[in-house]
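Working notes for the structure below.
The values are calculated or read from the model by the stated rules, or taken from the named source; none is laboratory data. Just so we're clear, the structure is a prediction, and the values are computed from it rather than from any experiment. Cβ: placed from backbone, ideal geometry, glycine included. Neighbour counts: every protein chain shown.
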Amino acid sequence: MITISVVICVYTEDRWEDILAAVSSVRAQSLAAHETLLVVDHNPTLKERLAKEYKEAADVRVLANAGPRGLSAGRNTGIAASSGEIVAFLDDDAVAERDWLRHFAAAYDDPKVFAVGGRTVPAWATRRPDWFPEEFDWVVGCLYRGHPTGRSRVRNVLGGNASFRRTAFAVAGGFASGIGRDGDKLPLGCEETELCIRLTRARPDAVLLIDDRAVIHHRVPAARETFRYFRSRAYAEGLSKALVAKSVGAGKGLESERRYTTRVLPAGVGRGLRDALLGRPGGAGRAGAIVAGVAAAAGGYLIGSVRARRGGATFSVVDVTEPRPGGEGARR
């Protein structure tokens with residue numbers, strides 16, 4: 001049976017209950033995880049608290065991010081410390097359904113499959129705002145309307161609900177630092193997109209899939225239900241896409257986005273306007289939010305591209321070392 005290590009990157013005690021719920025969902029899988037690694041991002045107090053919480057757990061390890069602050073370095077730390085044939089990633093504020101890992105594992109029967117992502121469903125703190133378009137669910141880290149469904153080939157998986165064959169990192173290296181989130185700055189992203197494009201360039205025969213039966217539920221706090229967050233996240237996505245385009249070229253870096261902006265979003269605006277004409281709640285707001293989101297993302301991309309040309313935006317790709325079952329990441 002294939003072995004799967006699960007990496008959960010954490011950074012704040014504000015998500016304590018979420019972290020415990022995430023770990024519990026992994027421990028309840030119908031296909032048991034080989035191990036769960038909690039990688040703490042430069043927060044000694046949280047690391048100590050988690051080490052005490054799981055000191056008797058044979059299947060959970062707590063370790064510190066060995067690189068610079070940020071999600072990419074945290075994931076790279078988890079990869080290096082893990083020993084499973086597959087490395088899966090789960091957001092610290094999400095819970096996985098019982099067969100999450102089983103669906104991932106099944107796809108790897110094909111040796112050409114190097115990465116498998118799943119379906120992330122929003123768990124709203126109150127309820128979905130009437131104005132919030134499903135086409136923009138990526139703003140809150142979830143699968144969006146217009147994304148491929150079923151078991152389908154994709155350009156890239158989405159990082160909060162994803163898995164990779166270990167050999168993928170030997171081929172392409174780890175996650176690039178300087179693209180994803182670091183806890184304090186704008187809500188950047190796209191580090192998994194850049195990695196997946198690098199992977200398929202290094203291995204053109206590599207297959208990347210989404211299996212929407214591999215489901216997680218991602219908590220959306222009230223602060224992310226606001227239009228202000230919606231706009232800032234869209235802007236940050238534009239900045240991130242500029243970095244991806246700098247790394248892999250605009251042709252591949254924006255391949256999926258072209259279809260999204262020319263087909264999916266216009267259809268979404270049309271639906272919103274139709275709902276408005278029919279007197280349905282939020283129709284005009286959804287149409288307007290799509291337009292505003294596109295404008296914010298385009299503005300971020302323009303500014304990010306200028307910064308990249310001037311050399312003001314940089315990132316680096318690190319080599320991921322061989323598994324280290326012991327050492328600093330050992331059980332406590």
- Filtering region 31-55 down to residues that are surrounded by fewer than 16 Cβ atoms within 10 Å (Cβ to Cβ) and within 24 Å of ALA214 (Cβ to Cβ) yields ALA32
- Looking at LEU50, is it assigned to a helix (DSSP H, G or I), in contact (Cβ under 8 Å) with a residue 12 or more places away in the chain and more than 23 Å from TRP100 (Cα to Cα)? yes
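This table checks each residue for (1) crowded, with 21+ Cβ neighbours inside 10 Å; (2) closer than 19 Å to GLY174 by Cα; (3) of a type in the set (D, E, K, R).
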| residue | (1), (2), (3) |
| --- | --- |
| LEU101 | yes, no, no |
| TYR108 | no, no, no |
| PHE114 | yes, yes, no |
| TRP131 | no, no, no |
| ARG151 | no, no, yes |
| ASN161 | yes, yes, no |
- Flag if VAL87 is among the β-branched types (Val, Ile, Thr) and either part of a helix (DSSP H, G or I) or surrounded by fewer than 24 Cβ atoms within 10 Å (Cβ to Cβ) (or both): no
- Note on the structure: With the first residue restricted to region 19-46 and required to be on the phi > 0 side of the Ramachandran plot, and the second required to be part of a loop (DSSP other than H, G, I, E, B) and modelled with pLDDT under 95, Cβ contacts under 7 Å at 6 or more apart or on different chains are HIS42/ARG69
- Can we say ALA33 is outside any loop (DSSP other than H, G, I, E, B) and under 17 Å from TRP100 (Cα atoms)? no
- Of the conditions (1) surrounded by 17 or more Cβ atoms within 10 Å (Cβ to Cβ); (2) among the aliphatic types (A, V, I, L, M); (3) in a loop (DSSP other than H, G, I, E, B), ALA58 clears all except one; give me its number. (1)
- Of the residues in region 233-269, those that are at pLDDT 90 or above, among the small types (Gly, Ala, Ser) and buried (at least 18 other Cβ atoms within 10 Å of the Cβ) come to ALA234, ALA236, GLY238, GLY268
- Residue that is under 27 Å from LEU90 (Cβ atoms) and of a type in the set (Val, Ile, Thr), where the choices are VAL244, VAL291: VAL244
- Task: Kindly indicate whether any position in region 169-192 is closer than 25 Å to THR12 by Cβ, basic (Lys, Arg) and at pLDDT below 95.
- Result: yes
